[in-house]
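The values are calculated or read from the model by the stated rules, or taken from the named source; none is laboratory data. If you're wondering where the values come from, they're calculated on a predicted model, not measured in any experiment. When we count neighbours, we look across all protein chains shown, and the Cβ atoms used for this are built from the backbone with ideal geometry, even at glycine.
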């Protein structure tokens, strides 16, 4: 009779932007705890994330969230096989807090340290609720800082098919939300307001990048929305916020869906996963679902709690790094512009 493999427990830490998070993950797919301390209310006052404030808040909260994560998982540090921590990309000051914490724990306890790529974490969030999902597949990562179309070749092995040339999708949502007076955070507010608007009311542009079939560009769309708002104001015409939001959201969604479906067809994949904060947008989810259904493609997406920044996804990615024998030493540092692949 084959001996049962020993359980592997990962303590994960995430602090790349404005969420201080810690989690305990068992065997890569079983989330035992997932604690998130959000700073949204704090940064809403300024209309966006203020890096210095984010870093200070991480310092205040990081020990608390780690203690709570261990407590909720009914574990001690001695039960952990490794500590996984986001080391990039992200805000350098925010990243440094998590990295310094993970290194300190590793140094004090001798528990192995694993640096995790933030975008890899987002992709791996899909493994939590979809136990059957395994590479290879194509993933679209859409968040405030990233828009990446990625070929997931294997666990820990990625090829970038396309990326944004300028604004990330989430960044465009935030900027347009601010322009129409909805405030921060833009994504959820535009999603909610768009439900009352007409997505065909205004014909905003869908950008194509001439020398990058799967690359994205959203700065032109953002400018088109701002120009529309200025033109209507100068002409004294009423601006219907719901229609502007819905039309903008439709323009973003159309581009994301088209590029994703083209990539799946080009590379012959039948599995597709979305990830990142913007992946919780209801219009994007339903349009992707519909497109995948038409083409006979299996579609995967995480619950909203695993779309936004969290430590559980870092624990999942850390587990696959761990079983492949990858380790980081105490020279691990924050890399704000870390590339994937």
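Annotations for the structure displayed:
- Any hit, the range 100-115, residues being under 15 Å from residue 341 (Cα atoms), assigned by TED's automatic domain parsing to the domain that holds residue 63 and out of contact with any helix residue (DSSP H, G or I) (no Cβ under 6 Å at 6 or more places or on another chain): yes
- If you go through the range 34-62 and keep only what is part of a helix (DSSP H, G or I) and under 19 Å from residue 312 (Cβ atoms), you end up with 40, 58, 61, 62.
- Scanning the range 208-228 for residues that are within 12 Å of residue 248 (Cβ to Cβ) and touching a strand residue (DSSP E or B) at 6+ places or on another chain (Cβ under 7 Å) yields a single hit, 218.
- Evaluating residue 139 against the criteria (1) buried (at least 23 other Cβ atoms within 10 Å of the Cβ); (2) part of a helix (DSSP H, G or I); (3) modelled with pLDDT of 95 or more; (4) in contact with a helix residue (DSSP H, G or I) (Cβ under 8 Å, 6 or more places away or on another chain) leaves one unmet condition, (2).
- Checked across the range 99-111, the condition of being in a strand (DSSP E or B) and at positive phi holds for no residue.
- Selection count, the range 56-80, where residues are touching a helix residue (DSSP H, G or I) at 6+ places or on another chain (Cβ under 9 Å), farther than 19 Å from residue 106 by Cα and surrounded by fewer than 19 Cβ atoms within 10 Å (Cβ to Cβ): 1
- Only one entry in 103, 151 is in contact (Cβ under 8 Å) with a residue 40 or more places away in the chain, closer than 25 Å to residue 303 by Cβ and surrounded by fewer than 22 Cβ atoms within 10 Å (Cβ to Cβ), namely 151.
- Residues located in the range 156-207, provided they are in contact with a strand residue (DSSP E or B) (Cβ under 6 Å, 6 or more places away or on another chain), surrounded by 18 or more Cβ atoms within 10 Å (Cβ to Cβ) and outside any helix (DSSP H, G or I): 158, 161, 162, 163, 164, 168
- Test for residue 248: is it part of a strand (DSSP E or B) and crowded, with 18+ Cβ neighbours inside 10 Å: no
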